[in-house]
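Report on one structure; see the data block that follows.
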Amino acid sequence: MLVGTTDPKWPSALHWLQAGGGPDLPSLGIVGAPVTIGSITPGLHYDLGPKFIRESLAGFSTYDLDNGVDLLAIRPEDLGDLPVAALDPSDAFCTIVEGVRSALRRQPALIILGGNNSITRAGCHGTCKSLSNGGLLTFDAHLDVRDLQHGLNNGNPIRALLKDGLPGSHIVQIGAHSFCNSSSYLEVAESAGITLVPAQDVRARGVDTVVSQALEYLSTVAEVIYVDVDLDVLDRTLAPACPGSRPGGLSLWDLRVAARLCGLHSKVRTLDIVELDPTRDLASVTTMAAATCLLSFCVGHLERARASKLPIVEADAPETRSPAQSGGDLVQPDYPTRHPARNFAHCEGTGDQDRAIRGK
């Protein structure tokens, strides 16, 4: 049943999502991946994330005043939720991969509503023709490279992707900050060649500069880019529904700008929004932040579609791997131990402020 609007001149974003649009409009897909099992923090309800994000759209209009774009000019296809709420990350893997591949056969871009951060591994496999030619841009307070010997969880999707064959030099992580990570896991990320752009560098250089340069770099090494938005990248005051959020994170404005820039980029096929437990939210602030991220990505996608015709390219079948193969120790790939960010980023300032990468 469609949600009615009291004012026909103020269409709600929920009505837009439910009604869809004409077949001749640019389009994109939206699908839920409500995985909650395999979370480091016990007792969470990430499985409720997709439902609450969709429902929160009732409080938003379709018009982006800042960019002069109305989302009524784009057709969203809501594909519902994948049947993974009762599955752990290993068991949910194949269902998510196939769901993403199926959606991308129909649509030029896809938004995945999580669910915990473990879905990023499956989403990346479903999006990339092969991991060796894929790129990954993450917005996250954490590095997500925890050990794998106890199985997959929401703290190790990047470690798992490294083991699966995604080159570390094809990964850019934006938004990590102090007292959210350890020196041991920083060493793992650095030795794999992952680019790290901490939250303080986003503040110093500006989110538009950081994200634009990250996307430009990834487009030189990857055929397709997957974007992972862990909502705990936001400051704790903006993300109380994310157990991993801490004081000192990014602003909601940062997230809006970043999501739109990702939607604008021609090589970005998929964006996930993860780590929302609505039962821990306050005044729906985190849920509404997630909805704002969704809408901003759609704005960028619409602007891109207007600028050029978007081809629908089917992702090739990923290499078949048993979920059981995801465990065990990671054998570090032979990647150059460098920081690609130094090739595309420069931070104005003095001393340590000149470095785009922190941690050394």
Criterion violated by Glu303 - all others in (1) at pLDDT 95 or above; (2) over 23 Å from the mean Cα position of the chain (by Cα) satisfied: (2)
Among residues of the range 297-314, those that are surrounded by fewer than 24 Cβ atoms within 10 Å (Cβ to Cβ) and either in contact (Cβ under 8 Å) with a residue 40 or more places away in the chain or not in a helix (DSSP H, G or I) (or both), counted: 11
Within the range 97-147, tally of residues that are assigned to a helix (DSSP H, G or I) and closer than 26 Å to Arg75 by Cα: 18
Residue in the range 35-50 that is in a strand (DSSP E or B) and touching a residue at least 40 places away in the same chain (Cβ under 8 Å) present: no
Only one of Gly29, Gly43 that is modelled with pLDDT of 95 or more and either of a type outside the set (Phe, Trp, Tyr) or surrounded by fewer than 17 Cβ atoms within 10 Å (Cβ to Cβ) (or both): Gly29
Options Glu275, Glu319: the member that is farther than 22 Å from Asp70 by Cβ, acidic (Asp, Glu) and modelled with pLDDT of 95 or more: Glu275
Filter pass, Gly193 being farther than 25 Å from Gly115 by Cβ, surrounded by fewer than 22 Cβ atoms within 10 Å (Cβ to Cβ) and without any contact (Cβ under 8 Å) to a residue 24 or more places away in the chain: no
Some residue of the range 63-82 being closer than 18 Å to Arg256 by Cα, among the aromatic types (Phe, Trp, Tyr) and in a loop (DSSP other than H, G, I, E, B): no
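Let's see how each residue does on (1) touching a helix residue (DSSP H, G or I) at 6+ places or on another chain (Cβ under 9 Å); (2) of a type in the set (Ser, Thr, Tyr); (3) more than 24 Å from Val268 (Cβ to Cβ):
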| site | (1), (2), (3) |
| --- | --- |
| Leu14 | yes, no, yes |
| Gly20 | no, no, no |
| Gly38 | yes, no, yes |
| His45 | yes, no, yes |
| Ile53 | yes, no, no |
| Ala58 | yes, no, yes |
| Asn67 | yes, no, no |
| Asp91 | yes, no, yes |
Test: residue in the range 144-166 that is closer than 23 Å to Val224 by Cα, small (Gly, Ala, Ser) and crowded, with 24+ Cβ neighbours inside 10 Å: yes
The range 150-197, subset closer than 25 Å to Asp47 by Cα and out of contact with any Leu (no Cβ under 8 Å at 6 or more places or on another chain), residue modelled with the lowest pLDDT: His150
Residue selected from the range 108-137 under the condition out of contact with any helix residue (DSSP H, G or I) (no Cβ under 7 Å at 6 or more places or on another chain) and modelled with pLDDT of 95 or more, by the criterion surrounded by the fewest Cβ atoms within 10 Å (Cβ to Cβ): Ser132
Ala259 vs. criteria surrounded by 24 or more Cβ atoms within 10 Å (Cβ to Cβ) and either in contact with a Ser or Thr (Cβ under 9 Å, 6 or more places away or on another chain) or modelled with pLDDT of 95 or more (or both): yes
Qualifying residue in the range 174-185 (condition: touching a residue at least 12 places away in the same chain (Cβ under 8 Å), of a type outside the set (Asp, Glu), touching a Phe, Trp or Tyr at 6+ places or on another chain (Cβ under 6 Å) and over 19 Å from Ile273 (Cβ atoms)): no
Those residues of the range 206-236 which are hydroxyl-bearing (Ser, Thr, Tyr) and touching a Pro at 6+ places or on another chain (Cβ under 9 Å), in sequence order: Tyr217
Selection status of Thr279, of a type in the set (S, T, N, Q), touching a residue at least 40 places away in the same chain (Cβ under 8 Å), touching a Lys or Arg at 6+ places or on another chain (Cβ under 8 Å) and surrounded by fewer than 24 Cβ atoms within 10 Å (Cβ to Cβ): no
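Every residue, every condition in (1) out of contact with any Pro (no Cβ under 9 Å at 6 or more places or on another chain); (2) in contact (Cβ under 8 Å) with a residue 60 or more places away in the chain, yes or no:
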position	(1), (2)
Ala13	yes, yes
Pro23	yes, no
Val31	no, yes
Ala85	no, no
Ser90	no, yes
Cys94	no, yes
Flag for Gly59 being without any contact (Cβ under 8 Å) to a residue 40 or more places away in the chain and small (Gly, Ala, Ser): no
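The values are calculated or read from the model by the stated rules, or taken from the named source; none is laboratory data. Because the structure is a prediction, the values reported are computed rather than measured. All Cβ positions, glycine included, derive from the backbone under ideal geometry; neighbour counts span all protein chains shown.
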